[in-house]
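The values are calculated or read from the model by the stated rules, or taken from the named source; none is laboratory data. Computed from a predicted model, the values in this text were never measured in an experiment. Cβ sites come from the backbone with ideal geometry, for glycine too, and all protein chains shown count toward neighbours.
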Amino acid sequence: MQTIPDAVLDLIVQHRPHMTQMIANLRAYPDQSRQIEKAIAQAYLAGESHLSAPDTWHLSQVYYGGPWGGDWITLARAAEETGYNHGTLRRMINDGKISGVKYGKTHYVRRGALSTREPPERSGSDADCRDASPR
């Protein structure tokens, strides 16, 4: 799945025409997009950037293995930060409750889409059992 926007890819071709074939390969082989996007990011960031600061930042995220744009975190990190388990977070992504992508073998979610999980309230019977314990 291609994550770098087409508009940014077009700007990269304008600045670095020699990268045209890499970008054509990205569009032709979507099953290899992760590797090709990382190679594009590495090649582009090796020289002077003509992209905006946010676009350059997002391209560096791709270079380091994440998807394009925003504040993406891995599902494992999201589970640690929120208290939800991995399965629940994957279900929330599949149900469209939070935005997420699977990039390679790793799921990513936007940090801002999550809130920390409140611990479940104890039911009346749990509270009664705790109060009735022998002393």
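Quick look at the values:
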quantity	calculated
Selection count where residues are of a type in the set (S, T, N, Q), over 15 Å from LYS102 (Cβ atoms) and within 11 Å of the chain's Cα centre (by Cα), scope region 58-80	1
Qualifying residue in region 70-84 (condition: of a type outside the set (S, T, N, Q), closer than 20 Å to LEU114 by Cβ, surrounded by fewer than 13 Cβ atoms within 10 Å (Cβ to Cβ) and in contact (Cβ under 8 Å) with a residue 40 or more places away in the chain)	yes
Search result, residues across region 27-52 that are part of a helix (DSSP H, G or I) and over 18 Å from TYR64 (Cβ atoms)	ARG27, ALA28, PRO30, ASP31, GLN32
Helices (runs of 4 or more DSSP H) completely within region 56-135 that count 3 or more residues being under 30 Å from LEU45 (Cα atoms) and modelled with pLDDT of 85 or more	75-82
Residue in region 21-42 that is loosely packed, with under 15 Cβ neighbours inside 10 Å, touching a strand residue (DSSP E or B) at 6+ places or on another chain (Cβ under 8 Å), in contact (Cβ under 8 Å) with a residue 40 or more places away in the chain and among the charged types (D, E, K, R) present	no
Any hit, region 47-56, residues being acidic (Asp, Glu), farther than 21 Å from LYS105 by Cα and within 17 Å of the chain's Cα centre (by Cα)	yes
Region 1-20 - residue that is over 19 Å from GLN61 (Cβ atoms) and of a type in the set (S, T, N, Q) and, of those, surrounded by the most Cβ atoms within 10 Å (Cβ to Cβ)	THR20
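Rundown of residues vs (1) of a type in the set (Val, Ile, Thr); (2) out of contact with any Lys or Arg (no Cβ under 7 Å at 6 or more places or on another chain), yes/no style:
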site: ILE4; (1), (2): yes, yes
site: GLN14; (1), (2): no, yes
site: MET19; (1), (2): no, yes
site: MET22; (1), (2): no, yes
site: ALA41; (1), (2): no, yes
site: GLY69; (1), (2): no, yes
site: GLY83; (1), (2): no, no
site: HIS86; (1), (2): no, yes
site: GLY96; (1), (2): no, yes
